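Q: Next up is a structure, given as structure tokens.
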């Protein structure tokens, strides 16, 4: 088994762009859930909604934790801003979180260390704004 080291930490949750903000929300018992809306996914949520469980390609609840107050800054990624601006917001969020974790580790500008780094993201099982456009939803 390969040895790994977790060298940085970051997060992006509803109402929390840092681990400190997330912790504050937890200890404050803040409820950051809300109902899905068109701005979240690019189509009317009713397209995916059915109040009955187990309907293929449908959801029986529109409540969830949705990130709405995030603005992606394209600077500092060594990639063309046009490319970054054209990414699905989900991928922009991944880049943001990866960059924040590297800043947290103090290795963001250390090319020697970064050449040996990788990034692991958790499972994403939700629709995205651009995937809806791709599949004609």
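The values are calculated or read from the model by the stated rules, or taken from the named source; none is laboratory data. Everything quoted here is computed from the prediction, not taken from an experiment. Positions of Cβ are generated from backbone atoms using ideal geometry, with glycine treated the same way; all protein chains shown enter the neighbour counts.
Q: Within segment 43-55, restricting attention to residues that are outside any strand (DSSP E or B) and touching a residue at least 12 places away in the same chain (Cβ under 8 Å), which residue is surrounded by the most Cβ atoms within 10 Å (Cβ to Cβ)?
A: Residues of segment 43-55 that are outside any strand (DSSP E or B), as a first pass: 43-48, 50-55.
Still in the list and also touching a residue at least 12 places away in the same chain (Cβ under 8 Å): 43, 45, 47-48.
Numbers: 43: 15, 45: 15, 47: 13, 48: 18.
Across segment 43-55, the extreme among qualifying residues is 48.
Q: Restricting the search to segment 51-65, which residues are within 24 Å of residue 32 (Cβ to Cβ) and at pLDDT below 90?
A: Matches in segment 51-65: 59 only.
Q: While we're on this one: Yes or no: residue 134 more than 14 Å from residue 12 (Cα to Cα), surrounded by fewer than 11 Cβ atoms within 10 Å (Cβ to Cβ) and modelled with pLDDT of 90 or more? If you could, list the steps in order and put the result at the bottom.
A: Numbers: more than 14 Å from residue 12 (Cα to Cα): yes; surrounded by fewer than 11 Cβ atoms within 10 Å (Cβ to Cβ): yes; modelled with pLDDT of 90 or more: no.
When the stated conditions are applied, residue 134 does not pass them.
Q: Under the condition of being out of contact with any helix residue (DSSP H, G or I) (no Cβ under 9 Å at 6 or more places or on another chain), part of a loop (DSSP other than H, G, I, E, B) and without any contact (Cβ under 8 Å) to a residue 12 or more places away in the chain, which residue from segment 56-105 is surrounded by the most Cβ atoms within 10 Å (Cβ to Cβ)?
A: Of everything passing the filter in segment 56-105, 60 is surrounded by the most Cβ atoms within 10 Å (Cβ to Cβ).
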